[in-house]
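The values are calculated or read from the model by the stated rules, or taken from the named source; none is laboratory data. The shown structure was predicted, so the numbers you read here are calculated from the model rather than taken from an experiment. Neighbour counts run over all protein chains shown; Cβ positions are idealised from the backbone, glycine included. SASA here: full protein model, heavy atoms, side chains in, ligands and nucleic acids out. Shrake-Rupley method; radii C 1.70, N 1.55, O 1.52, S 1.80 Å.
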Amino acid sequence: MTTPAHNFPITYSKEVADAKVQGLPIVALESTIITHGMPYPGNLQMARSVEAIIRAEGAVPATIAVIAGKLHVGLEDAELEALSQTTGAMKVSRADIAFAIAERRTGATTVAATMIAAARAGIRVFATGGIGGVHRGAELSFDISADLEELARTSVIVVCAGAKAILDIPKTLEVLETRGVPVVTYGSHEFPAFWSRSSGLKSPLMLNSPEAIAHFQKTREALVLGGGMLIANPVPEEDEIPRNEMEIYIKRALANAEDADIKGKEVTPFLLSDIYRLTDGRSLKTNIALVENNARLAAGIAVAMAS
Ligand code: PSU
Ligand code: MN
């Protein structure tokens, strides 16, 4: 039996269900950042403040996750709280989102899986921290995040703070270009590097307002280009950790990952938590600040898309 993708049963939060009926702007949020990207209780604090920011900007937040085999778009606060303390959640991407649902598991969605769910729910804008990309040494490990492939195929605007410098940023930009994904930096000609405003790399494209981003995406839709676009929003200056300082921690974390023989989906969570440890939690503060900053911009884009 085949079920058309757009008929797939989705469990909406009350707030998102109402927003859909009223045609209000909605911003999707991922959950891997909650279960695998940050420790408790900072993760819960981040998840709640990001939702509050989206509401304050006139849009509705829809945090996405698989809970006991149900695809949730929008979580009630008690569900958000429970997820933030779950230790056994799967990290689900395109390859395993259907597995988590079929096997009635609980799974947190990565950027790729969140894009899939958002598209099925008719949500066109999504805010996160950083996307997955081409890992350093990918020419040997072949470790390239499924997030890049998803950006090429699913039509959702993803707002991030650039690519983490734990990745090979030049190769990440090359793959995005090859796959036809527009990379737009908000208000700067330089592509940002997550914790740092600077990567030393020129941004392929630049726009200065949510309205211009919405207009660009609508033009892409009119041309039936398909696929998503990546908006890179530099972390606010007062919250950034400068690039040369970050590079020291990143090198150490990468060496620790190698020593511990970390592979596959464990790589990104391992590096993030090792960097939190190495920076004495400072990277977590920066991470929370940049996700909040991205939520604000994504809400502005969602409002502009809806008008
Ligand atoms: N950014 C963060 N924390 C995270 C991630 C991104 O600050 O935990 C997650 C996102 O869910 C992203 C995933 O989709 O890491 C990429 O994992 P991988 O490199 O295994 O594809
Ligand atoms: Mn990977």
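Quick rundown of the values:
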| item | result |
| --- | --- |
| Relative contact order, percent, segment 205-305 [alpha-carbon distance under 8 Å, six or more residues apart] | 49 |
| Computed lengthening from SER49 to GLU139, 0.36 nm per intervening residue step minus Cα-Cα distance | 28.5 nm |
| Members of LYS171/LYS202; LYS202/LYS251; LYS14/LYS218; LYS202/LYS285; LYS14/LYS70; LYS164/LYS251 lying beyond 19 Å, as alpha-carbon distances in this model show | LYS202/LYS251; LYS14/LYS218; LYS202/LYS285 |
| Under 5 Å, built H, 5+ apart or other chain: amide partners of SER31 | ILE64, THR109 |
| ³J(HN,Hα), Karplus 6.51/-1.76/1.60, whole Hz, each residue of segment 206-214, x for Gly, Pro | 9, 9, 10, 8, x, 5, 5, 5, 4 |
| Amide H within-cut-off set for GLY133, under 5 Å, with H built and near neighbours excluded | SER145 |
| Alpha-carbon centroid distance for the pair segment 148-181 / segment 201-222, whole angstrom | 15 |
| Most fluctuating residue given options HIS135, HIS215, HIS36, as computed from a GNM of the chain linking Cα atoms under 10 Å | HIS215 |
| Amide H contacts under 5 Å for LEU71, placed H, 5+ residues apart | THR11 |
| In segment 1-84, trypsin sites (Lys or Arg not before Pro) in a DSSP loop with at most 15 other beta-carbon atoms within 10 Å | none |
| Coil-residue chymotrypsin sites (Phe, Trp or Tyr not before Pro) of segment 101-205, DSSP, other Cβ within 10 Å capped at 15 | PHE142 |
| Distance from segment 79-126 to segment 268-300 (C-alpha centre basis), Å | 20 |
| Å² per residue, accessible surface of the chain at 1.4 Å | 43 |
| Positive dipole terminus of the chain, leading residue within CYS160, ALA306, ALA253 (C-beta point charges) | ALA306 |
| Whether segment 109-234 is rounded, prolate or oblate, judged on the alpha carbon gyration tensor where a/c under 1.5 counts as rounded | oblate |
| Karplus-derived HN-Hα couplings along segment 262-269 (A = 6.51, B = -1.76, C = 1.60, θ = phi - 60°), whole Hz, x at Gly and Pro | 7, 9, x, 5, 6, 4, 4, x |
| Loop GluC sites (Glu not before Pro), segment 222-263 (other Cβ atoms within 10 Å of the site Cβ: 15 or fewer; DSSP) | none |
| Whether segment 1-123 is rounded, prolate or oblate, judged on the alpha carbon gyration tensor where a/c under 1.5 counts as rounded | oblate |
| Carbon + sulfur, % of accessible area of segment 124-180 - ligands and nucleic acids excluded, 1.4 Å | 54 |
| Top positive-direction residue, dipole computed over the chain with Cβ charges, set ASN233, LEU176, VAL73 | VAL73 |
| Rounded if a/c under 1.5, otherwise prolate or oblate - segment 222-270, Cα gyration tensor axes | oblate |
| Per-residue HN-Hα couplings for segment 94-100 [Karplus 6.51, -1.76, 1.60; θ = phi - 60°; Hz; x = Gly/Pro] | 4, 5, 10, 5, 5, 4, 4 |
| FRET efficiency, 1/(1 + (r/R0)^6) with R0 35 Å, evaluated for ASN244 and TYR40 via beta carbons | 0.65 |
| Relative contact order of the chain, pairs being alpha-carbon contacts under 8 Å that are 6 or more residues apart, as % | 20 |
